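Asks: Could you have a look at this structure, given as structure tokens, before my questions?
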Amino acid sequence: MKPLRYPILTEKTFDMLERENKLVFAVDEEATKLEIKEAVEKVYNVKVDSVNIIRDFKREKKAIIRLKPDYEAGKIISDLGLM
């Protein structure tokens, strides 16, 4: 199982990225907060401060990931070619 599916970049998540240093990913239904944290740290070589899980109206599971202050969420999105 791969906990991370794809990054979600909308107007709202872009605002979170800039103001709060947070990323939003669609995640596997079975993924735990710890698995998501470990996957983000390993794949993007960053340190995660916190992970929150939400479900949208489509019942899709999403993770809001706050990075430690030493790391920039914007750099990850830029490296992925989404910004």
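No lab work stands behind these numbers, since they all come straight from the coordinates. What you are looking at is a predicted structure, and each value in this text was computed from that prediction instead of being measured. Glycine gets a Cβ as well: all are built from the backbone with ideal geometry, and neighbour counts include every protein chain shown.
Asks: What helices (runs of 4 or more DSSP H) lie completely within the chain and have 1 or more residues being in contact with a helix residue (DSSP H, G or I) (Cβ under 6 Å, 6 or more places away or on another chain), surrounded by 13 or more Cβ atoms within 10 Å (Cβ to Cβ) and free of Cβ contacts under 8 Å to residues at least 40 places away in the same chain?
Replies: Ranges flagged: 33-44.
Asks: Could you pull out the residue among D15, D56, D49 that is farther than 14 Å from M1 by Cβ, touching a Leu at 6+ places or on another chain (Cβ under 9 Å) and of a type in the set (D, E)?
Replies: D49
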